[in-house]
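Derivation of every value follows stated rules applied to the coordinates shown; laboratory data play no part. Here the structure is a predicted model, which means the values were calculated and not measured.
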Amino acid sequence: MRYLAALLLAPSIACADVFLTWEHPTTREDGTPLMQDEISSTEVYAADREGNVLSHISSLPAEITEFKAEGDCYRLATVDIAGVSSAPSPTVCKSNRPATPTIRIETRIVISEGV
């Protein structure tokens, strides 16, 4: 009689929440002061993977300086009360996906002769 048993193990991995936080600029690109009450919003751009094109995903009121990330790459721009937008920030990337798990396959073979 021959028996063949195989066991496949795939660990479950949960994603950790990733948050973007930022501070508003205090000067305009021309060097003049930018008061906090002159800031209207922060524009959020995102891409689901590094190297992909970033798309506008949210316009946040000036009071909000934190955003729960759901993509991998982000860029921000500040908009003042006159509607003038800053140059975009540098793009930052941080994956909030788990690493691909290592799958271990354990095989056990039992061979026995009939009685």
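Does the range 15-99 come out rounded, prolate or oblate by the C-alpha gyration tensor, with a ≥ b ≥ c the root eigenvalues, rounded set by a/c under 1.5 and, if not, prolate when a/b is larger than b/c and oblate if not?
prolate
In whole Hz, with x marking every Gly and Pro, tabulate ³J(HN,Hα) for the range 43-52 from phi via Karplus 6.51 cos²θ - 1.76 cosθ + 1.60, θ = phi - 60°.
8, 10, 10, 9, 9, 6, 8, 4, x, 7
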